Amino acid sequence: AGPSPRRSSSDQDRDDRSRCQGLALAWNRIRAGDFLGGPDAVVVDVTVTERGTMAIMGESARIGVVLFEGFELLDVFGPLELFGQLSDRFPVELLGPVAGPVASAQGPRVIADQAYADASSCDIVLVPGGIGTRALVGDQGFLGWLGGWASSARYVTSVCTGSGVLAAAGLLDGYRAT
């Protein structure tokens, strides 16, 4: 057998489009509650605020995930599992109060790549939910940082009670969010 034929950029785009469509289908199935648990499965609420347009095909988008003490593991790693299918297009940076371990609501610690104060802007912001959001909605220093840092992102997203944090930071002002 000879060498494999070289793939054209249109072949790569078609494969990427197929993966994106598969991710969208998987996400819709999860949201509909019929992916793994049947119609009685828990549905995860996701808030997305579009601040511009982004063509997924051929364009890279940095994701900044905001970790805090008491975040919900599934709220972080569920979405990251999907983005991981296109990791070459969606590099992820985990942010925490300081660089280093951040305890989840379930106990395991996740290593933040950078401290909030050192975070550069990103294209997609993800704020998870968790018991720790109860304290964050009253933390004016954190809310000021989040409101300023996330304001330039193309997409500002949250899972579950993370939407309360976005609202407290003023990031949902003028948007309809459910």
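Structural remarks
- As a summary of the residue check, PHE77 satisfies the conditions (1) open to solvent by 60 Å² or more (accessible area, probe 1.4 Å); (2) farther than 14 Å from ALA61 by Cα; (3) in a loop (DSSP other than H, G, I, E, B) except for the one numbered (3).
- Only listed residue being under 14 Å from the mean Cα position of the chain (by Cα) and modelled with pLDDT of 95 or more, chosen from LEU143, LEU126, LEU136: LEU126
- In segment 56-74, the residues that are under 15 Å from the mean Cα position of the chain (by Cα) and open to solvent by less than 30 Å² (accessible area, probe 1.4 Å): ALA61, ILE63, GLY64, VAL65, VAL66, LEU67, PHE68, PHE71
- Among the candidates VAL98, VAL156, VAL137, residue that is open to solvent by less than 50 Å² (accessible area, probe 1.4 Å) and at negative phi: VAL156
The values are calculated or read from the model by the stated rules, or taken from the named source; none is laboratory data. Just so it is clear, the structure is predicted and the values come from calculations on it, not from any experiment. Note: areas computed on protein heavy atoms with side chains; ligands, DNA, RNA excluded. Shrake-Rupley method; radii C 1.70, N 1.55, O 1.52, S 1.80 Å.
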